[in-house]
Amino acid sequence: MAAVTETVEQVQAVADGKYKYGFVTDIEADTAPKGLNEDIIRFISAKKNEPEWLLDWRLKAYRHWLKMPEPEWAMVDFPPIDYQDAYYYSAPKSDTDGPKSLDEVDPELLRTYEKLGIPLQEQERLAGVAVDAVFDSVSVATTYKKKLEEVGVIFCSMSEAVENHPDLVREYLGSVVPYSDNKHATLNSAAFTDGSFVYVPKGVRCPMELSTYFRINAANTGQFERTLIIADEGSYVSYLEGCTAPMRDENQLHAAVVELVALDDAEIKYSTVQNWYPGDENGVGGIYNFVTKRGACRGRNSKISWTQVETGSAITWKYPSCILQGDNSVGEFYSVAITNNYQQADTGTKMIHIGKNTSSTIIAKGIAAGKSNSTYRGLVKIQPGAKGARNYTQCDSLLIGDKCGAHTVPYIESRNRSGRVEHEATTAKIGEDQMFYCQQRGLSEEEAVALIVNGFCKEVLQELPMEFAVEAQKLVGISLEGSVG
Amino acid sequence: MLEIKDLHVTVDGAEILKGIDLAIAPGEVHAIMGPNGSGKSTLSYVLAGRDGYEVTGGSILYKGEDLLEMAPEERAAAGVFLAFQYPIEIPGVASMTFLKTALNAVRKQRGESELDAMQFLKLVREKAKLLNVTDDMLKRAVNVGFSGGEKKRNEVLQMAVLNPTLAVLDETDSGLDIDALKVVADGVNALRGPDRSMLVITHYQRLLDYIVPDRVHVLAHGRIARSGGKELAHELEAKGYAEFGANEAA
Amino acid sequence: MTEVQTFVDQYGAAKAVLPGAGLPWLASLREQGIERFAALGFPTRNMEAWRYTNVRPLQKVAFAPAEPAEGVQIAVDHGAAHRLSFVNGRFRPDLSNVGDLPAGVVLTSLATVLAEDPESLKDHLGAAAEDDGESFLALNTALMADGYVLRIGRGVVVEDPIEMLFIGAASDKSVAYHLRNLIVAEEGSAAVIVEDHIGHGEGAYFSNGATEVFAGPGARLKHYKLQDEARAAFHLHGAFVRLDRDSAYESFVLSLGARLSRNEIRTVLNGTGSECFLNGAYVVADEQHVDNTTFIDHATPHTDSREVYKGVLDDKARAVFQGTIMVRPDAQKINGHQLNRALLLSDKAEIDAKPALEIYADDVKCSHGATAGELDDDALFYLRARGIPEQQARRMLIEAFLDDVIDEITHPTVRDAFRDKVSAWLAARHEEDR
């Protein structure tokens, strides 16, 4: 299963001899000691048999990271992170580490799966239950792999890519998000463990949606995931990230980096449904989701489209962006961010217009409930050379309850007179009359909220691939449970 | 079917209904007429269970059960339907989706099986045809950008689909021209039957030419000032509400 | 160069002779101000509130303290019913005309009040302009020498606009002056205040201003400002507005002049039923930099705000608009709407906008809109196809663009006067182009 790594708690529990599922592998050999220093980075790099240049790049990032301040501009509040109090490398967990059956899985988690309508077998896979179901996935994955190979699409883990396609990795890694970009991304550059790699050759339309689901070998990529997707001239790929079911992960810090490169006439569609553990209703626990995602539309007529549904994590700090270098290139950002209880989300995008006649669209919907805070933060920049650039931005916030906050902080910088920028934002609450109307037609309060919020988010949800959209809609309802009444 | 006894209702501290008594038997259509501000809409909201309407005295029994104890969606499931005077707009939610969600929620509460997409589509198409509700309207967001007539037809379509046993029509004629009124009235009349009761609330007698009531009540100053047969409506049309001391501008 | 220490030294030299020097409470206020300023230094672009406005050009000029410029003579229009004039930040009675004011109105200069009735200022001076890390405000508090004081007594309505004329008179040396104004409108009072900031001569000067405004219950204030400083001037002003219940504050800032200007307006809607309208326009060219920064704080329920700013930029001019609408927890039933639009006439011009909503209550209706773009080519073509020369057609379209924001000025004579100012600016520009 994707992106669930050994958790700090589990490792600690093992160290204390209390881990209830037992632990059969040799910890000392597969887990680097706590903390981060150059030796740990060398250890990670050596474990992965990396070439010299990559180790050097990691070390360069690490040295830079030491000097970088924490970003403080986001509207999120959390105690300082003790970077030395975390593990930066632990080997992927084997099947025997997981729960033996669904009986051992947190019933709360199963209840959510059920609401999402995920089949039992799927539930087992998602919960990390080591069962034969995995073999089905493997066989499914093999079928797909074969199909991809036929058209020349490379889809593998980052580690495999470093070994098998070093020239591609070397050319593009860090070319969109440089090692010195920001504190979180730089930490990732120094310490990334694994991730996905996609290369779509010239003129190829990837025959299926790619997702971590089918990337069995690259599972367990951990808290410092690094993804690189390259769409060569005239190609198209749609990539689905994450998983629509909540992945229980007690890791405090999830600092991933995603880089996309679209060459002439290429298009990348990147969809995310993020539902990491948000902490409990008292704000205890949950993931810090500090992710740097950026796409470069390098070629003429290229297009990058980000769609995200963010309902999980205690703190989300994430700005999937587009650098519109190629003339006529197109950037899109469609986002739904839902926060409840004590969650905090500061998310948005940057659209940097460099090429001529570039255009971008931003549709962001923020929904805040409970005691949460949801912020849209976005930058639209029209560079002097971006003749005829166009941007349209719409940000709407919906408040549920009177203890939450919804904020909109757009930055608009235009340096070309022929550029046209339009920004609209609204904040309102769910109308009492809307609620009553739905209830009069037989819907319960929670059903009514889910229906109205789904309507509010429609422009974004319809951008998701079909199978994702259905589950995302259900997720909208589930994540707002207990927010009314 | 419906039995209202000595109902007192307060809104924002002001008593609007001051002791209403009303009994509607199965299959009957009653009309409530009255000047603006007499409490007509208050009565419809109290029946549907809207927040902010405080019942300070009296009772409402619906099919022998205490209606006031039920949540709005429970009332809907039990068969109480309110056609809103001003139907609410819900951006982004297609009418079709709304209707399907509502119907299945109601069916679920009634212990009936949910309809699948095909069965539902068939049902809606059938009902929509009678009311001139086009597929295009069903695809659009609930009441968003609808004309006055479209909104009212949409209300009656919802009524037809949800199949209530007590329908409360609040000023369903307001804002309609005569042709639109006929379409809506035909839709309502098609739903009349021995097991379904209706309470038609209106300011004007005009609607009652098309939906002919069994009983007519005049509501003034929060009380039922007079009751009678359908001829009472004509009398009111001729004389106005002056004899009830109503201030038309209220 | 003007260093932080330059002003600290100027303060040291002047504190014994600044107006109100003998007053302990004022001395302590000034002392706190200079300490804050020394600690904060000049703002840098690393500070979120100053990310688009660089004050380095200001620091590069050596500013001397302004001296009373008695010699400067300026022909003023004596038609105004009530007028106070200030040259280089000092009150000039000879250029002023208080006129016939209703009983209960005090209109005078700050230095006069500090000399004659300083205790009357104690409750208000520094009470609205809170120390929130603004270094120029801190500097102003330390060095404030003069400005206007307007008090309108309970229930008094002043019909005619009260005009304040501020003249920056540059000479062979560049001067800095620190204006401090105070408006106290008591319950149920009303007044119209018009500030004209103009330059005399071509040299550089630095007008550092702060205006504190207190509107009592039900008071209604219209506060209009024309910033038409000399092209080499620096104009950094803040208005700090406190609104009590059911009061209304209407502001309009028209910026035409100065090399670098910033108008910051911070309004606290501190009483139920209060409302504010913050509007403005700017027309800038060459290398002018104009910054409009507003902060509207809905601190109580049932408060409304509306804001429209529009501007036109040519050449290498740069404009900044930062507008925040904040709704505090439990401040329900709020309406807050904001619009800002910029017209870019040149490829070298730049607009940076940051409209922000910060909402902590749910029963609110807030919105903002922002656009940036050039003149509509189709409209331009249409006008030209009807025989209107291009320059004139452009001017018509620019005036049309600004017209609706100028219409937001509810006082008719001020509205006409401001519209004429814009037309004159564009006409002068038109002449240059020929």
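Assorted remarks:
- Test: residue in the range C:32-44 that is in the same structural domain as C:ALA115 (by TED's automatic domain parsing) and farther than 18 Å from C:VAL8 by Cα: yes
- Tallying residues that are in contact with a Leu (Cβ under 9 Å, 6 or more places away or on another chain) and modelled with pLDDT of 85 or more within the range B:86-97 yields 2.
- In the range A:59-82, the qualifying residues are those that are loosely packed, with under 15 Cβ neighbours inside 10 Å and assigned to a helix (DSSP H, G or I), and the one that is nearest to the other protein chains (Cβ to nearest Cβ) is A:LYS67.
- Per this entry, C:GLN338 is counted among residues that are touching a His at 6+ places or on another chain (Cβ under 8 Å) and either surrounded by 18 or more Cβ atoms within 10 Å (Cβ to Cβ) or away from chain A (no Cβ under 11 Å) (or both).
- Any hit, the range C:203-213, residues being over 13 Å from the mean Cα position of the chain (by Cα) and either charged (D, E, K, R) or more than 24 Å from C:PRO65 (Cβ to Cβ) (or both): no
- Test for A:ALA61: is it touching a strand residue (DSSP E or B) at 6+ places or on another chain (Cβ under 9 Å) and among the hydrophobic types (A, V, I, L, M, F, W, C): no
- Of the helices (runs of 4 or more DSSP H) lying entirely inside the range B:75-140, the ones with 2 or more residues being within 8 Å of another protein chain (Cβ to nearest Cβ), in contact (Cβ under 8 Å) with a residue 40 or more places away in the chain and not β-branched (Val, Ile, Thr) are found at B:95-109.
- Number of the condition not met by B:MET70 [criteria: (1) in contact with a Pro (Cβ under 6 Å, 6 or more places away or on another chain); (2) within 14 Å of another protein chain (Cβ to nearest Cβ)]: (1)
Yes or no, residue by residue, for (1) modelled with pLDDT of 85 or more; (2) closer than 21 Å to A:GLY348 by Cβ:
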{"site": "A:GLY279", "(1), (2)": "no, no"}
{"site": "A:ARG294", "(1), (2)": "yes, yes"}
{"site": "A:GLY299", "(1), (2)": "yes, no"}
{"site": "A:LYS303", "(1), (2)": "yes, yes"}
{"site": "A:ILE315", "(1), (2)": "yes, yes"}
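- Which listed residue, of C:GLU287, C:GLU374, C:GLU358, is surrounded by fewer than 24 Cβ atoms within 10 Å (Cβ to Cβ), closer than 29 Å to C:PRO57 by Cβ and within 11 Å of another protein chain (Cβ to nearest Cβ): C:GLU374
- Residues located in the range A:312-333, provided they are farther than 19 Å from A:LEU464 by Cα, assigned to a loop (DSSP other than H, G, I, E, B) and not aliphatic (A, V, I, L, M): A:SER313, A:GLN325, A:GLY326, A:ASP327, A:ASN328, A:SER329
- Among the candidates B:ASN163, B:ASN154, residue that is out of contact with any strand residue (DSSP E or B) (no Cβ under 7 Å at 6 or more places or on another chain) and surrounded by fewer than 23 Cβ atoms within 10 Å (Cβ to Cβ): B:ASN163
- Candidate set from the range A:398-445 (those that are polar (S, T, N, Q) and facing chain C (nearest Cβ under 7 Å)); member that is nearest to the chain's Cα centre (by Cα): A:THR408
- Top-ranked residue in the range C:149-193 [being among the small types (Gly, Ala, Ser), out of contact with any Lys or Arg (no Cβ under 6 Å at 6 or more places or on another chain) and not in a loop (DSSP other than H, G, I, E, B); ranked as nearest to C:SER251 (Cα to Cα)]: C:ALA191
- Any hit, the range A:197-211, residues being surrounded by fewer than 20 Cβ atoms within 10 Å (Cβ to Cβ) and either in a helix (DSSP H, G or I) or touching a Pro at 6+ places or on another chain (Cβ under 7 Å) (or both): yes
- Residues (surrounded by 24 or more Cβ atoms within 10 Å (Cβ to Cβ), among the charged types (D, E, K, R) and closer than 20 Å to C:LEU101 by Cβ) located in the range C:160-180: C:GLU163
- Within the range C:301-319, the set of residues being in a strand (DSSP E or B) and either small (Gly, Ala, Ser) or more than 10 Å from chain A (Cβ to nearest Cβ) (or both) comprises C:ASP304, C:SER305, C:ARG306, C:GLU307, C:VAL308, C:TYR309, C:LYS310, C:GLY311, C:VAL312, C:ALA319.
The values are calculated or read from the model by the stated rules, or taken from the named source; none is laboratory data. All figures in this text were calculated on a predicted structure; none of them were measured in a lab. Using ideal geometry, Cβ is built from the backbone for each residue, glycine included, and neighbour counts are taken over all protein chains shown.
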